[in-house]
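Here the structure is laid out as C-alpha cells; the discussion comes afterwards.
Read-outs throughout are calculated quantities, based only on the coordinates presented, and are distinct from any laboratory measurement. Worth saying up front: this structure is predicted, and the values here are computed from it rather than measured. So basically every Cβ, Gly included, is an ideal-geometry build from the backbone, and we count neighbours across all protein chains shown.
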Amino acid sequence: MNDILLNIVNIRMAIMICIGVILVREIYLVLNGYIAKAAYVVSTLVVIVIAAITYGVIYIADAQSLIHRTGIYEFTVIIIYLALIAFMNTFKTIRHGSFTKIDIINIAAYVLVLCFNIYMLIRLGISDGGHDVMLIMNIIVLSLVLAIIFYRTLVRLYQENYKGQEAEHLRNVIESGEDYLKNVQAMDKQVRTVRHDMNNQLQVIYGLLSQERYEEAKDFLKQYSISLEKTKEYIRTDNPIFNTVINNKIEYAKSEDIIITTGLHKTLKPMHGNDLYTIMGNVLDNAIEAELKEEPCNREIEIRSVWNGNDMIITVENYISKSVLNDNKELHTSKQDKKSHGLGTQIIKKLVKKNNGTCDYHEEGNMFCCEIRW
C-alpha cells in the first residue's frame, strides 16, 4: 500500500514539474513578444479548464478504484494536458484574424462535449459493468457530435483558405498590372519628351538652314548628336520591357548622384506574366531608397546577371555605411506608415517563390546584396 501511495506522489510531482516547465516557457515567450498576449490568455484558460475538469473527474471515483488504477488516470491527465498545450500553440501563433459568432459557438460546444466525453470515458473505466452499455452509447453519441463540429469547422477553414488564396492571387495580379502600367506610362512619357525635344531641335536647324548659316547648323548637329548619345540606353537585353524598367530606374538613380554599374547578360530567362518587371522594379526601388540615405560620395548600385546552368541569377548590390541585417533581419520598413510601406520585400519573395526561385539577402563588406535565382 505504501509503495502504491509513493507512486501516486511521484506521478503527481512529475505532472507538476512538467506543467511548471511549460508555464515558465510560455511566460518567457509572452514577455519576449513571441506570442500575442490575448491569444496566450485564451489558450491557457482553455487548457487549464479542460485539464482541471479531467483531473477533478478522476477523483470523483472511489478511493479503492483510484489506488488500483491511479497510474492510468494520472498518465491520461498529463497526456491530455500536453496534447492540448501543443494544439493551442498553433492558435497562439496567429496574430491577425478574428472569430465569427459561429466559430465561438463551435469552439465552446467542442470544449464542453470534449469534457463530457472524457468524463464518460473515465467513468467507463472505473464502472463495475452495470452501466457499460449506456456509457458506451453516450460516448458514441458524444464522439459523433465532436466529429460533426470538427467537420463544420474544417469545411469553413478550407473555404476561408481558398478565398484567401484567391484574394492573394488577385492582389499579385493587380500589383503586377500596376507596375506594368507605370512602366508603360514612363515609356510613353519618355517618347513624348524625345519627340518634343526633337521638334524643337528641327525648328532650330530649319531656321539656320533657311538663313544659309550652314556652319552653325553643322555645329548644332554635332552638339545634338552628343546630346542623343547621352540619352542612349544604359542596358540592352532581349526583353524590351525589362530594358525600359531598368533604364528608367537607372536614369532616376543617376539624377540622384548614384553611381550605377551594370553587367547584364543579353539573354534573360522569362517569368510568369509581368513578375520579372515587378520584382526588379521593387528591388531597385529598395536599393535607391537605401542609397538616398547615404552620403552622395558613397552612393553606388551594381546590377549583374549570369547564367548558372539552366538557372538565371540576378544580383543587385548597394552601398551601406553600416550593417542592415544585424538590426533588421526581417527587413521591416523603418517608415511610420508601416501598412503602406515595406511591402516591396514581401512582394519580391512571393513572386520569386511563385516562379520556383529563391531570394537571398546578405552582406559582403559594405555592400548589401539581393540575389534572385530562378
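Structural remarks
- By other beta-carbon atoms within 10 Å, ranking Phe242, Phe220, Phe368 with the fewest at the front produces Phe220, Phe242, Phe368.
- In nm, spacing of pseudo-spin labels at Asn308 and Val324 (7 Å Cα→C-beta vector): 2.0 nm
- Restraint check, Lys322/Lys354; Lys293/Lys353; Lys266/Lys354; Lys163/Lys350, Cα-Cα greater than 21 Å: Lys322/Lys354; Lys293/Lys353; Lys266/Lys354
- Put simply, the amide H of Met312, placed in the peptide plane, has neighbours under 5 Å in Trp374, leaving out anything fewer than 5 places away on its chain.
- Packing rank of 348-361, 273-286, 204-217, where each peptide gets the mean count of other beta carbons within 10 Å, highest leading: 273-286, 348-361, 204-217
- The H on the amide N of Met367, modeled in the peptide plane, is under 5 Å from the matching H of Ile320, each at least 5 residues off or on a different chain.
- Per-residue Cβ neighbour rank within 10 angstrom, fewest leading, Glu295, Glu289: Glu295, Glu289
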